[in-house]
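Below you'll find the structure, written out as structure tokens, and then a few comments.
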Amino acid sequence: MRIISLLLLILVWHSCKSDKKVEESINNAVPKRAELSYDSKIFLGNRLFSEKTCVTCHAIETYYKAPSVIEIMKVYKENNADIVSFLKGNSKPILNVSANEVAIMQNNIDGFLKKITDEELNAIATYMMHVDELVKNK
């Protein structure tokens, strides 16, 4: 009986130690990642601009099926407007475009852009804001 009691005591003591290890591992979780660098945002934004099919309608320098990225960002910069707010569907377009173009863009916002993170939206916005500089530096 003493042996069984001793074994139970050791088992309980050992299980308490393992709970502390679990708590320690939870408290030592992976730290939050630092903010992306400017170059990383440009790279990610460029990739997402292509992957999320923005490039299907928006060319960089010329009007294709919709206004070019440079034209869009020129208007947004002049009006100190927030492209991220538009991409989230929280504001109306400020460019003078047809109702058909607005409807197509709204479908894309509802379909492709609702599923991406704020970090990804900010990367797309950073890319769009600076694409004119990237074109000049080619």
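The values are calculated or read from the model by the stated rules, or taken from the named source; none is laboratory data. Fair warning: this is a prediction, and the values are worked out from it, not measured in the lab. Cβ sites come from the backbone with ideal geometry, for glycine too, and all protein chains shown count toward neighbours.
Remarks
- The set of residues from segment 105-138 being of a type in the set (Gly, Ala, Ser) and out of contact with any helix residue (DSSP H, G or I) (no Cβ under 8 Å at 6 or more places or on another chain) comprises just one member, Gly111.
- Screening segment 77-90 for residues that are under 21 Å from the mean Cα position of the chain (by Cα) and without any contact (Cβ under 8 Å) to a residue 24 or more places away in the chain and picking the one that is surrounded by the most Cβ atoms within 10 Å (Cβ to Cβ) gives Phe86.
- Filter result (outside any helix (DSSP H, G or I) and among the aromatic types (Phe, Trp, Tyr)) within segment 82-97: none
- Flag for Asn100 being over 18 Å from Leu121 (Cβ atoms) and either in a helix (DSSP H, G or I) or modelled with pLDDT under 95 (or both): yes
- Here Leu95 does not qualify as closer than 27 Å to Ala34 by Cβ and either among the aromatic types (Phe, Trp, Tyr) or at pLDDT below 95 (or both).
- Residue match in segment 108-131 (condition: closer than 20 Å to Ser37 by Cβ, under 14 Å from the mean Cα position of the chain (by Cα) and of a type in the set (Phe, Trp, Tyr)): yes
- A single member of Leu44, Leu48, Leu121 is in contact with an Asp or Glu (Cβ under 6 Å, 6 or more places away or on another chain), modelled with pLDDT of 90 or more and in a helix (DSSP H, G or I), and it is Leu48.
- Test set (1) at pLDDT below 90; (2) touching a Ser or Thr at 6+ places or on another chain (Cβ under 8 Å); (3) not aliphatic (A, V, I, L, M) - His14 fails condition number: (2)
- You will find that of Ile70, Ile109, the residue that is in a helix (DSSP H, G or I) and at pLDDT below 90 is Ile109 and no other.
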